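Reading through the C-alpha cells given below for one structure.
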Amino acid sequence: MAFSRYNNRRTFVNNDREYKKTFLEQRDANYIRQFDLARLYYPSDAMISQIDTVTAIWTATDKLYNIAAEYYGSPAYWWIIAWFNQKTAESDFQAGEVYLIPISLEEMLGYF
C-alpha cells in the first residue's frame, strides 16, 4: 500500500454555518470531518545537496504521475517530486525548466 501524505495530518469538524448550509444539507449529513491545512517544509539547499537526484528538463507533455511511476514504481508518489521542487502541481512547472527527481523514495518518505 502506498504511503499517504495524510498520515500525520490533523482533522477537524467544520462548524461554519454557511459551509453546513452549502455542503451538508445536500448530502443529508450532520458533519464532515476535514483534513487541516498541511504545513509543508520544503527541502533546504543543504538537504538537497545530500540527496542523490536525477536532473531533468520539464517538457510540455510531462506528467508527474508518469515520472513517479518510472522512478518509484507507482504514480501515487507524484507529490514527492512536486514537493522536492517546491511545486504543488504540474501547472507550476514551465517547459524547459530544470527540476530534480530524488532517487530514494524511502529517504523522501522519511521527511513525512
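The values are calculated or read from the model by the stated rules, or taken from the named source; none is laboratory data. Since the model is a prediction, treat every value here as computed from it, not as a measurement. Positions of Cβ are backbone-derived with ideal geometry, glycine not excepted, and every protein chain shown enters the neighbour counts.
In the range 29-112, counting only helices (runs of 4 or more DSSP H) that sit wholly within it, the ones holding 3 or more residues that are surrounded by 13 or more Cβ atoms within 10 Å (Cβ to Cβ) span 64-72, 78-84, 105-109.
When we screen Y72, Y31, Y19, Y42 for residues that are under 15 Å from Y111 (Cα atoms) and not acidic (D, E), the only hit is Y42. Restricting the first member to the range 38-58 and to residues that are under 14 Å from I103 (Cβ atoms) and among the β-branched types (V, I, T), and the second to residues that are assigned to a loop (DSSP other than H, G, I, E, B) and modelled with pLDDT of 85 or more, the beta-carbon pairs closer than 8 Å and six or more apart or on different chains are I51/I103; I51/S104; T53/I103; V54/I103.
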